[in-house]
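Everything below concerns the one structure shown next.
The values are calculated or read from the model by the stated rules, or taken from the named source; none is laboratory data. Note that this is a predicted model, so its numbers are computed, not measured. We place every Cβ from the backbone using ideal geometry, glycine too, and count neighbours over all the protein chains shown.
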Ligand code: DP6
């Protein structure tokens, strides 16, 4: 069971949701309670090599052996591939990110997208896009979207088995090459993971159902705004979705509050640069304190300069809209 066919390498990019995924309808199958809509980022990427035919699973992340918890999560996911292609044995998985974990980009999205592509190809499986996205979703909900470049819609699906809960491509990256400036407002790992924060919101927030009701119309609006390259329309829908997601989390018991003072300062600064100075820019915030600011490429320098000048912003990171996950030579 060894040979060149047993190994494959893939790269995948992180993504940022413009309409957020927050809450599951089935935790065991990792089925989302509603859809979502995202932009895939570049040039930053995760690169993952999978080699089957080993005695046991082994996971090396950024050059270091992963801890037992991370290895167990990946092993449980690898079992899904072993079920599709019996006899694969253990997998040696080597993965590295070329962006800092502290960037507040969900590294699980690019990680499970790259893993899904590398692990299936190494196993000799050539899955259709939908099936591959379903598989990535089992690792992390946002990973279902990172298989596709550009602008991506996650479909929540209706089936109990989740075979219709997968992402689809909406527009390629070159349809609308937006720029993203990430304002870093803290150091160190986040305190409450997305998974824990959203499960707690589902269980205890009186606003969770109201949040879910916002999602489908927001996706429709975001899809149209991107198709028409309408920055003002995308601004409205993306800021509303981020704030509505956080409102549902803040209303949980006890409340899940990812923001720091600096997060709120950046939000106000983005609105000021837009309303007072006419700079096209909007913010979105994920399960952490950093703020991701979308703008048009010609305004990226001005946005970066304004954000860098704020007290509490410790640095910025630039991104563009990125491409599909793909296999590469090892
Ligand atoms: C706030 O995909 O990390 O970034 O499915 O439990 O792994 P799991 O959650 P994950 O959640 C991402 C939450 C978010 C919004 C988003 O990316 O849509």
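For the reader, a short list of remarks on this structure follows.
Matching residues to (1) modelled with pLDDT of 95 or more; (2) more than 19 Å from the chain's Cα centre (by Cα):
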residue: 182; (1), (2): yes, no
residue: 192; (1), (2): no, no
residue: 200; (1), (2): yes, yes
residue: 210; (1), (2): yes, yes
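- Among the residues here, residue 148 qualifies as touching a residue at least 60 places away in the same chain (Cβ under 8 Å), farther than 27 Å from residue 315 by Cβ and surrounded by 22 or more Cβ atoms within 10 Å (Cβ to Cβ).
- The condition (being under 26 Å from residue 194 (Cα atoms), more than 23 Å from the chain's Cα centre (by Cα), assigned by TED's automatic domain parsing to the domain that holds residue 242 and surrounded by 20 or more Cβ atoms within 10 Å (Cβ to Cβ)) is satisfied by just one residue among 281, 262, 287, 269: 269.
- Criterion: within 14 Å of the ligand (Cβ to nearest atom) and surrounded by fewer than 20 Cβ atoms within 10 Å (Cβ to Cβ) - qualifying residue of 214, 187, 201: 214
- Residue 139 meets each of the listed conditions (1) over 20 Å from residue 173 (Cα atoms); (2) within 11 Å of the ligand (Cβ to nearest atom); (3) in contact with a strand residue (DSSP E or B) (Cβ under 9 Å, 6 or more places away or on another chain) apart from (3).
- Those strands (runs of 3 or more DSSP E) lying entirely in region 5-46 with at least 3 residues away from the ligand (no atom under 11 Å from the Cβ): 7-12, 36-42
- For region 290-311, a residue qualifies if it is free of Cβ contacts under 8 Å to residues at least 60 places away in the same chain and under 22 Å from the mean Cα position of the chain (by Cα), but none of them does.
- Residues of region 26-53 that are out of contact with any helix residue (DSSP H, G or I) (no Cβ under 9 Å at 6 or more places or on another chain) and farther than 22 Å from residue 172 by Cβ: 26, 28.
- The set of residues in region 37-88 that are free of Cβ contacts under 8 Å to residues at least 12 places away in the same chain and under 30 Å from residue 178 (Cβ atoms) is empty.
- Of the residues making up region 55-69, those that are within 23 Å of residue 29 (Cα to Cα) and exposed (fewer than 15 other Cβ atoms within 10 Å of the Cβ) number 2.
- All told, residue 64 falls short of being within 16 Å of the ligand (Cβ to nearest atom) and either out of contact with any strand residue (DSSP E or B) (no Cβ under 8 Å at 6 or more places or on another chain) or farther than 27 Å from residue 212 by Cβ (or both).
- Of all the residues in region 101-150, those that are at pLDDT below 95, farther than 17 Å from residue 40 by Cβ and part of a helix (DSSP H, G or I) number 2.
- Taken as a whole, the condition of being surrounded by fewer than 14 Cβ atoms within 10 Å (Cβ to Cβ), over 10 Å from residue 39 (Cα atoms), assigned by TED's automatic domain parsing to the domain that holds residue 134 and in contact with a helix residue (DSSP H, G or I) (Cβ under 8 Å, 6 or more places away or on another chain) applies to residue 163.
- Flag if residue 96 is part of a helix (DSSP H, G or I), more than 16 Å from the ligand (Cβ to nearest atom) and modelled with pLDDT of 95 or more: no
- Taking the numbered list (1) free of Cβ contacts under 8 Å to residues at least 60 places away in the same chain; (2) within 16 Å of the ligand (Cβ to nearest atom); (3) more than 20 Å from residue 44 (Cα to Cα); (4) crowded, with 17+ Cβ neighbours inside 10 Å in turn, residue 168 passes all entries but (4).
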